[in-house]
Amino acid sequence: MSGPLLLSVESSCDETGIALIEDGRRIHANVVASQVALHGPTGGIVPEVAARAHLRWIVPVLDEALATAAVTMRDVDAVAVTCGPGLAGSLLVGINFAKTLAWAHGKPLVPVNHLEGHVYAGWLLDPGEAEREEPQFPLVALVVSGGHTFLVEMRDHLTYRLLGTTVDDAAGEAFDKVGRLLGLGYPGGPAISVAAERATARNRVFPRAWLGDSYDMSFSGLKTAARRIVAQARADEGLPADERDGSLSDMAIAELAWGFQDAVVDVLATKTIRAAEEVNARGIVLGGGVAANAALRGRIARDAGARGIAMVIPRPGLCTDNGAMIGAAGARRFAAGVRAGLDLDARPSLPLAR
Ligand code: KG4
Ligand code: ZN
């Protein structure tokens, strides 16, 4: 081991994740029990159902993580846990579990901000992956998930200057909503991305909310426009208004998915690149579930590459919620001396940067 081994726990939303991370970078185990299938029938997350599923899975997830890494609690130097933001009931399951582990085994407890975790996923190395340079400061990080969309500047570890944030819905929420409108099920993001790939005519234009020169973003107008555009497409195909009463043709779905995705990607990529140029960033880090989107990854990688800015996008499984990212951020906090007591509480609205 070249640095401390952290056991990290993530349960803020609908994934139960536990990881073992060495020195804030190297993944020894990263086990995620996803609730996607559980929430599919309700088309979204029911908080009580999510909390109960965390309770059901957290012990098996711990057992599998320790077995995969071939370690015991004796080998662990600290326990890191997401304390917010997220769903209160879900957060409390992970927090109480982490507290119990830390107390029973006499390990320090390190509180981690979930959003900080998404940023620090950019530092992670998979087991067996070749060493690569860490992201270099100053950098700009774009975190886009189902609950959050923001752009921050980092000039050093654990310091964030908020450049912009969504003024209404998160980008992932818009993907999920439009996915439902198109009859693609939950979650909408991956399904829209797959459908968009199939579009042959790529000329649908959905509105972009630029909000002037600001780095803030807005997706609620796009959601409303999508509802209108989908309704028109349904009328054009002679379908009833309710999406449950018959589905648009595959090609119409693909073209609408492409047009919607193009609008979201255009706004996110344009603002991120402009921010990176303004702060003379050496790197851009992408995180959050929507960073798994191939069109967004491709566009930002191309635009950053053309400007000589290094681009770090974790593989899709590290962009969506997981325990490893909490271990990466937790290691920095652990090194900085941050500790929590057994009175650690859930902070459902914890911000990243003030
Ligand atoms: O980070 P995450 O797993 O959970 C939150 O903290 O919210 O993000 C989930 C969000 C969902 O809205 C989902 O639709 C979106 O990420 N997402 C995607 C893709 N994969 C997941 N959005 C667009 N394209 C994708 N490939
Ligand atoms: Zn997340």
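The values are calculated or read from the model by the stated rules, or taken from the named source; none is laboratory data. Fair warning: this is a prediction, and the values are worked out from it, not measured in the lab. Positions of Cβ are backbone-derived with ideal geometry, glycine not excepted, and every protein chain shown enters the neighbour counts. All accessible areas refer to the heavy atoms of the entire protein, side chains included, with ligands and DNA or RNA removed. Shrake-Rupley method; radii C 1.70, N 1.55, O 1.52, S 1.80 Å.
Accessible surface calculations at 1.4 Å, restricted to protein heavy atoms, place the chain at 41 Å² per residue. With the cut-off at under 14 Å, measuring from each backbone N in segment 248-265 to a point 7 Å along the Cα-to-Cβ line of THR200 picks out 250-255. Each residue of segment 128-135 was assigned a 3J(HN,Hα) from its phi angle through the Karplus expression (A = 6.51, B = -1.76, C = 1.60, θ = phi - 60°), giving x, 5, 5, 4, 9, 4, 5, x Hz with x at Gly and Pro. Rounded to the nearest 10 degrees, the angle from helix 171-181 to the longest Cα principal axis of the chain is 50 degrees.
How tilted is helix 47-69 with respect to the longest principal axis of the chain? Cα atoms for both, answer in degrees (0 to 90, nearest 10). Approximately 50 degrees, to the nearest 10.
Rounded to the nearest Hz, the phi-derived 3J(HN,Hα) couplings of segment 83-93 under the Karplus curve 6.51 cos²θ - 1.76 cosθ + 1.60 (θ = phi - 60°) are 10, x, x, x, 7, 3, x, 5, 4, 4, 4, where x marks glycine and proline. Estimated purely from DSSP H runs of n ≥ 4, each contributing -39500 (n - 2.57), the mean residue ellipticity at 222 nm for the chain is -13500 deg cm²/dmol once divided by its residues. Taking label points 7 Å from Cα along the Cα-to-Cβ direction, ASP250 and GLU134 give a separation of 4.8 nm.
At an R0 of 56 angstrom, the distance between the Cβ atoms of ALA335 and THR224 translates into a FRET efficiency of 0.75.
Against the main long axis of the alpha-carbon atoms of the chain, helix 220-236 sits at an angle near 40°. Between the residues TRP103, TRP258, MET154, the greatest Cα displacement towards the positive end of the dipole of the chain, with unit charges on the Cβ of Lys, Arg, Asp and Glu, is found for MET154.
For segment 297-314, putting each phi into the Karplus relation 6.51 cos²θ - 1.76 cosθ + 1.60 with θ = phi - 60° gives couplings of 4, x, 5, 5, 4, 5, 5, 5, x, 5, 9, x, 9, 5, 10, 10, 10, x Hz, in residue order, rounded to whole numbers and with x for Gly and Pro. For GLU277, what charge total do you get from the other residues with a beta carbon under 14 Å from its beta carbon, if Lys and Arg give +1 and Asp and Glu give -1? Net local charge, GLU277 excluded: 0. If you count Lys pairs in the chain whose Cα atoms are under 24 Å apart, skipping same-chain pairs closer than 8 places in sequence, the total is 4. With all pairs of separate Cα atoms included, segment 66-154 yields a Kirkwood hydrodynamic radius of 15.4 Å.
Using C-alpha pairs below 8 Å separated by at least 6 residues, the relative contact order for segment 238-354 is 20 percent. Nonpolar atom fraction for the chain, defined as the carbon and sulfur part of the 1.4 Å probe accessible area, stands at 53 percent.
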